[in-house]
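What follows draws every value from the coordinates through simple rules; no lab data is involved. Owing to the predicted nature of the structure, the values given are computational and were not obtained by experimental measurement. Reconstructed Cβ throughout: ideal geometry from the backbone, glycine too, with neighbour counts over all protein chains shown.
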């Protein structure tokens, strides 16, 4: 019997499979990092599983691990800034601080951000890193190393900005890069880090930052590069009315129409935010298979609006959830995004707009679809990777709530009894076991102090 075998028994099981199968009291068997059985009733006791680790799931609900489809890990070092500013003012305040990033700061910030993310049930996360100051070191490799230590499945994207203020963009000129250097660095990141094989822990994407910080030429060439290498494309889009005004003034069309002109629609593309979309935009996303990372807390923090998640889903758009960067979502809890997605969806679309199971589905299968990994992640089914979250629902905060999914989504965030990534324990008894949480917290403070000191001296 493999030492990696594990049986989780006696818990409610919410599979999020196509039939939305649920077991009031069931079990899941894991071997070699893969789910091999899921069913109602007690776990098997035959000799095949005599060497398996047995986890008593009584009082808990088991769900697929959550999938985070948009983040900026480096921002963990700049939480609590510009708390009453809209997006453009917030960015104007923070760009000069982010200009002081280096590998040490990114390592400390990413480690803290990822450690907290797994504490909130996340087993797979993206990252959109687009600030690369000269001489800062290999920042993408740094955060990949941090993700490896924490043990999370990681989809980093090599972001970029080449449209500085002198050319009509928003970022200061000293934080943008030259287009040829960006493309070369992006190709190098794919060559060095992207793993296209089944079960991959690291997959790299291509992610020019936004229409107001990237030239048309870079958007087009980045898409060509990504498609040559068969990797995914990502950018911010339609987040605020300011962005809409910028695109109409500069390009004569809406942000979504601009993306269509550039060839940036398709099943290999997902956009962060997508708040300000027309009916035509939503229909085009559905027709082309373009995905969306819905970031309700960040959008609310910045006053950007509420994405039309119900309309997007009805149009056949794959919708995942994202915490976004910690500088615009200090909580950075992926489970909290599920709750906010449901509540904000109802606030916009009425009481039946999104069910609690719709919210959980966006955080699991929706995210897996957005990242092109629905065949491996996002549900509890035999043959899928054992990325699983076991949530304790028998404490004061949740005891007596009839529906475990309602308890999970609408109640306070529950203790995380166990989090598995590929069958490996990353969180146990509501504590990260792969890195030292206290050391990560101290590192975050060190990173913050270093950035603020550099900004003050510049």
Label-to-label distance, nm, for residues given as residue 430 and residue 174 (7 Å Cα→Cβ offset): 4.5 nm
Protection-proxy order for peptides 256-265, 318-327, 392-401, each taking the mean of Cβ atoms within 10 Å per residue, highest first: 318-327, 256-265, 392-401
Folded to 0 to 90 degrees: helix 87-98 orientation relative to the chain principal axis, Cα: 90 degrees
Cβ-based exposure ranking for 384, 283, in which fewest neighbours within 10 Å come first: 283, 384
Share antiparallel - DSSP beta bridges, the chain, percent rounded to 5: 45 percent
Estimated inter-spin distance, residue 166 and residue 20, nm [label 7 Å along Cα→Cβ]: 5.6 nm
Rg over Rh [alpha-carbon atoms, Kirkwood Rh] for segment 1-41: 1.01
Cα centroid separation - segment 95-113 against segment 135-188, whole Å: 12 Å
Debye-sum result for segment 213-272 in log10 I(q)/I(0), which assumes one identical scatterer on each alpha carbon, at q = 0.13, 0.20, 0.21, 0.24 Å⁻¹: -0.32, -0.74, -0.81, -1.02
Highest to lowest packing among 161-170, 302-311, scored as the average C-beta count within 10 Å: 302-311, 161-170
Shape box of segment 337-440 [Cα atoms, principal axes, largest first, Å]: 42, 37, 28
Ratio of Rg to Rh over segment 1-141 (Cα coordinates, Kirkwood Rh, two decimals): 1.16
Volume of the Cα convex hull of segment 134-281, divided per residue and given in Å³: 125 Å³
Helix 279-288 axis, angle to the chain major axis (alpha carbon atoms, nearest 10°): 70 degrees
For segment 399-458: span of alpha carbons on each principal axis (Å, largest first): 56, 27, 18
Ellipticity estimate at 222 nm from DSSP helix runs (n ≥ 4, -39,500 (n - 2.57)) divided over the chain, nearest 500: -11000 deg cm²/dmol
Part-to-part distance (alpha-carbon centres) for segment 1-45 and segment 262-286, which is given in Å: 36 Å
Share of Cα-Cα pairs in segment 74-179 lying beyond 25 Å, as whole percent: 24 percent
Size descriptor, Kirkwood hydrodynamic radius, that averages inverse alpha-carbon separations across the chain, Å: 22.1 Å
Helix 241-251 axis, angle to the chain major axis (alpha carbon atoms, nearest 10°): 50 degrees
Likely footprinting exposure, 118, 83, fewest C-beta neighbours within 10 Å first: 83, 118
Share of Cα-Cα pairs in segment 312-397 lying beyond 20 Å, as whole percent: 43 percent
Relative contact order for the chain, counting Cα pairs under 8 Å that sit 6 or more residues apart, in percent: 21 percent
